[in-house]
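Let me begin by handing over the structure; questions about it come next.
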Amino acid sequence: MSSPPTDGAPLLSVRDLQVSFRTRRGPARVVNGLSFDVHAGCTLAVVGESGSGKSVSSLALLGLLPDAVAEVRGSAVFGGDELIGRTEEQLRRVRGAGIGMVFQDPMTSLNPVLTVERQIGEALRAHEKVSDEGVRSRAAELLTEVGIPDAASRLRAFPHQLSGGMRQRVMIAIALAGNPRVLIADEATTALDVTVQAQIIELVARLQEEHGMGVVWITHDLGVVAGIADHVLVMYAGRCVEEGAVDDLFDRPEHPYTRGLLGALPVVDDPRPARERDDLVTMPGLPPDPVDLPAGCAFHPRCPVRADARCATEVPPLAAVSADHGEAHRVATFYAGGDRA
Amino acid sequence: MTRYVLRRLLQSVAVLLGVSILVFAIIQLVPGDPIRAALGQQADPETYAALRERAGLDDPVPLQFVNWLAGAATGDLGVSFRTGETVLSQILARTPATLSLAGAAIVVALLIAIPLGTISALHPRSPVDWFASLSSQAGLSVPDFWLGILLILLFAGTLGWLPSSGYTPFTEDPVDWARHLILPAITAGVSSGSILTRFVRSSVLESLGQDHVRTARAKGMRARDVLTWHVLRNALVPLVTVAGVQLAYLLSGVVVVEYVFAWPGLGQLAFQAVESRDYPLLQGTVLLFAVIFLVVNLVVDLAYARLDPRISYRSAR
Amino acid sequence: MRGRETLALLFRSPTAIVAGAVLVALVVTAVLGDSLAPHDPTATDVSNRLQSPSTAHWFGTDELGRDVLSRVIEGAAVSLKVGAVAVGISLVAGVLIGLVAGYYGTWVDDVLMRLSDVLFAFPAMLMAIAVLAILGPGSTNAMIAIGIVYTPIFARITRASVLSVREEVYVRAARSAGAGDLRIVGRHVLPNVTAPIIVQTSISLAFAILSEAALSFVGLGTQPPDPSWGRMLSEGRGFIEQAWWMAVFPGLAIFVTVLAFNVLGDALRDVLDPRQRSAMAGTGVTP
């Protein structure tokens, strides 16, 4: 596990991203000021419960949310260009070619009535003129690259004729078709069974190395994060509550929520080290309603610590943890327990 | 799948038998002597006796039914009380007109429904959507005979562009056939168009929310290509079956429209049969409509079961 | 309580308010009839025949010089009556059949449902025509014919609702506590099937009024001299070149009435159907 190279400009730089949806009950504030960088050759893991805003953030970057209900603000610079507020056509050129995406459920994410060749071909043709033979040979190459044997005959298959793992490989082939510099994998292994998950993770890691892509893994599965991430960002209620280099964050989590996820809360008497836990610990309570976010720290109603009177009135700023932690380790909490105490 | 087909076939045969009993009962339920009612009191006694003999009205009722059913199964629907022609030949003579009208009406319905339903699904809660929902509500509520009269008033009367009524067989003069067809087809197609508009809207809306549409956009495909290949293509597969059901409704639903436009189809034939108390003719047309309706519904159900294999499990209760 | 909530929700839909207002006005028109009509709807005045709409005759006059507006007003009562009686017949017969089929199940259910399959196989208009061919034309027979046509749909809806509540805990509890069938149906089953039936009643009223008009238009429904909208339309059709108003206004009356019942039915469905679509449905986003 290498630590992220801090030299060189990031491929993608997101600053203060905010997304809200218009609903009948009022605006639902789903993402509330999220910032992160994606560097070439590095993997950023975005971790959170469902509803924490992690998927919405990535869709917002590419303008894939419905304009009629979604309002996106903030900044996202990719390859020197601002993405937020761009026209549909400008964003379209970035989709697939600049930033590729792999989604959760390969069954529903592929069109059931079109062949594999057709669906990969669409991704190729979206950004350049390609002849039919060109599409066929390039699509077969891509299938081989994502580890599908007998590519030529698989091209004629429909999605339902493939296994779940195969389908996800096809999704990855589609995402690779435009030669993206950033690959966003949105819960890409969640719908798969465990052995297949491992294969897909390995595949993405290999492709990342070969293509030098920046990868964003969006997941709720800490097992995935521990294995491949360089940098981890923990989201709660549309905000980053803690981020840092993977070893640093896993060994010395600061935020009560992160500790909860890792099963390392002081109140929870569990002798096992965090690394031995492979999934989110189920915490009591539910994430807040984005239409009716609590005042102060969004986590405070569920927080077992609630260290400070300000918890219920002020939003704790995201600030660097003391110097003995990794340089990029930052946390948003008033709690000063654990290692800092 | 085979079990489902068999089951569905058997069901249709059972319903068809029930339908036959009811259709057969029409002549039995008429108060008094049906032939007397048709011919009037001053009928020629010989004609009267011949018809009574031919219709077998003196046999016991169960035997009459068996004979009638056996005849109907082989295409013998009896002879008209009025003209003495066979019912089948009269029905066959009228079928092309009704088929043209119902076929043209479903085309009109689809021409209304696909664009309007798609546009309103693409802009939900917009003024266009509001207009589409209001006009489909209106299209369902407007009496077709009134709409027909209004169209005649405007396009045949005031503007003088199209003939107000009548029919030319396609084989005689295709252009004239089409000119006569336009107004009746619009009149008959509006209500189906309204139903289909609602269907297309909800189908496209559902399709828009599918994950694979998001994938297509994430590939960087142009919006128009996404709409054609991933939204519409998938949304319109079920439309085939719904339009089939509408066609079945239209085949019989055009009766009043035929009346308004003096369109010599099966509906007109049914009215003639009622007016002249020609009961064998009425039985024949009613039976034919019911059979068409049953067959189209059966075909649609089986086609749908092929398209969606989950169906056969679900309805095999 | 439930009824009041429903009303409150209905009042939030502007189209439902308009539709409700139209229907109230229509019922008032039908009840007051004669006293609202500016002229005697049957009084002929040949010197004033085929007059176009004017301040004296807002909707013009017909071929016998009768006031079209007065006849349209008079026709409201006929249309509403035929529609209400016909739907009343289907409602009572259909709900009874549906309750029996759904509640007792087994062969009773099978027989009744196959019977309704058979009735469903006949296109509605054609079946009404066939019934009238047997019974003879006239408005009473038209009510019966339309009533028969719409009975199976009520039976099916009722049966489906009964099936869904039959195995609910409270119904089983009442049964095991020894409550009689009638009592269980009246206290536990019926209240749960009212919502879909109310919706269907409104929609059926629309179609019954439309069917009555169609039957009268082709001469099988209401007979002269009663001023049914469908009949007036049919008479006006003969004078379409000279007097458009004779066909346009009665048709407009049918259209508005049917539209109001349909809009109300849709609004009722939105309010009473618990499977309401959420604001986000169909946008492909589940934040």
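If only one of A:203, A:192 is of a type outside the set (Asp, Glu), at pLDDT below 85 and touching a Gly at 6+ places or on another chain (Cβ under 7 Å), which one is it?
Numbers: A:203 fails: at pLDDT below 85.
Matching residue, one of A:203, A:192: A:192.
Here's a follow-up. Mind listing whichever residues of segment A:104-157 are part of a loop (DSSP other than H, G, I, E, B), of a type in the set (Val, Ile, Thr) and closer than 25 Å to residue A:217 by Cβ? Steps first, please.
Pass one, segment A:104-157, residues part of a loop (DSSP other than H, G, I, E, B): A:104-105, A:110-115, A:126-131, A:146-150, A:155-157.
Next, only the ones that are of a type in the set (Val, Ile, Thr) stay: A:113, A:115, A:130, A:146, A:148.
Within segment A:104-157, A:146, A:148 qualify.
Across segment C:121-171, which residue is least open to solvent (accessible area, probe 1.4 Å) among those that are under 20 Å from residue C:269 (Cβ atoms) and polar (S, T, N, Q)?
Looking at residues that are under 20 Å from residue C:269 (Cβ atoms) and polar (S, T, N, Q), I get C:158.
Which residue is least open to solvent (accessible area, probe 1.4 Å), if the candidates are limited to segment B:6-33 and must be outside any loop (DSSP other than H, G, I, E, B) and more than 10 Å from chain C (Cβ to nearest Cβ)? Reasoning before the result, please.
Our first condition is that a residue be outside any loop (DSSP other than H, G, I, E, B); within segment B:6-33, this holds for B:6-29.
Okay, now just the ones that are also more than 10 Å from chain C (Cβ to nearest Cβ), so B:6-10, B:13, B:24.
Working: B:6: 106, B:7: 105, B:8: 42, B:9: 77, B:10: 123, B:13: 93, B:24: 18 Å².
Out of the qualifying residues, it is B:24.
Which of the residues spanning segment A:139-162 are within 14 Å of chain B (Cβ to nearest Cβ) and open to solvent by 60 Å² or more (accessible area, probe 1.4 Å)?
Answer for segment A:139-162, where residues must be within 14 Å of chain B (Cβ to nearest Cβ) and open to solvent by 60 Å² or more (accessible area, probe 1.4 Å): A:158, A:160, A:161.
Being at pLDDT below 85 and either among the small types (Gly, Ala, Ser) or not in a helix (DSSP H, G or I) (or both) is the filter here; which residues of segment C:61-87 pass it?
Once the filter is applied, which keeps residues that are at pLDDT below 85 and either among the small types (Gly, Ala, Ser) or not in a helix (DSSP H, G or I) (or both), segment C:61-87 yields C:61, C:62, C:63, C:64, C:65, C:66, C:67, C:70.
If you take the residues in segment C:252-285 that are over 15 Å from residue C:14 (Cα atoms) and modelled with pLDDT of 90 or more, which one is surrounded by the fewest Cβ atoms within 10 Å (Cβ to Cβ)?
The residue in question is C:256.
Could you please let me know if residue B:144 is within 11 Å of chain C (Cβ to nearest Cβ) and open to solvent by less than 50 Å² (accessible area, probe 1.4 Å)?
Working: within 11 Å of chain C (Cβ to nearest Cβ): yes; open to solvent by less than 50 Å² (accessible area, probe 1.4 Å): yes.
Taking the combined requirement at face value, the residue satisfies it.
Would you check if there is a residue in segment B:149-170 being more than 30 Å from residue B:39 (Cα to Cα), within 14 Å of another protein chain (Cβ to nearest Cβ) and surrounded by 23 or more Cβ atoms within 10 Å (Cβ to Cβ)?
Scanning segment B:149-170 turns up at least one residue that is more than 30 Å from residue B:39 (Cα to Cα), within 14 Å of another protein chain (Cβ to nearest Cβ) and surrounded by 23 or more Cβ atoms within 10 Å (Cβ to Cβ).
While we're on this one: Just to be sure, is residue B:189 among the small types (Gly, Ala, Ser) and at positive phi? Give the derivation first.
Values: among the small types (Gly, Ala, Ser): yes; at positive phi: no.
Spelling it out, it is not the case that residue B:189 is among the small types (Gly, Ala, Ser) and at positive phi.
Here is a list of conditions, (1) buried (at least 24 other Cβ atoms within 10 Å of the Cβ); (2) of a type in the set (Ser, Thr, Tyr); (3) within 11 Å of another protein chain (Cβ to nearest Cβ); (4) within 30 Å of residue A:107 (Cα to Cα), and residue B:191 meets all of them except one; can you say which number that is?
Looking at each condition in turn, residue B:191 falls short on (4).
So how many residues does segment A:90-137 have that are out of contact with any His (no Cβ under 7 Å at 6 or more places or on another chain) and either among the polar types (S, T, N, Q) or open to solvent by less than 70 Å² (accessible area, probe 1.4 Å) (or both)?
Going through segment A:90-137 one residue at a time, the tally reaches 32.
Among the helices (runs of 4 or more DSSP H) contained in segment B:202-300, which hold 3 or more residues that are open to solvent by 10 Å² or more (accessible area, probe 1.4 Å)? First the steps, then the outcome.
Working: elements: B:211-218, B:233-253, B:255-260, B:266-275.
Hits in segment B:202-300: B:211-218, B:233-253, B:266-275.
Give segment B:22-81 a look and list any residue that's under 12 Å from residue B:279 (Cβ atoms) and among the polar types (S, T, N, Q), or say none.
Once the filter is applied, which keeps residues that are under 12 Å from residue B:279 (Cβ atoms) and among the polar types (S, T, N, Q), segment B:22-81 yields B:28, B:80.
The values are calculated or read from the model by the stated rules, or taken from the named source; none is laboratory data. Please read all numbers here as calculations on a predicted model, not as lab measurements. Every residue, glycine among them, receives a Cβ derived from its backbone with ideal geometry; neighbour counts consider all protein chains shown. Protein only, heavy atoms only, side chains kept; ligands, DNA and RNA dropped before computing areas. Shrake-Rupley method; radii C 1.70, N 1.55, O 1.52, S 1.80 Å.
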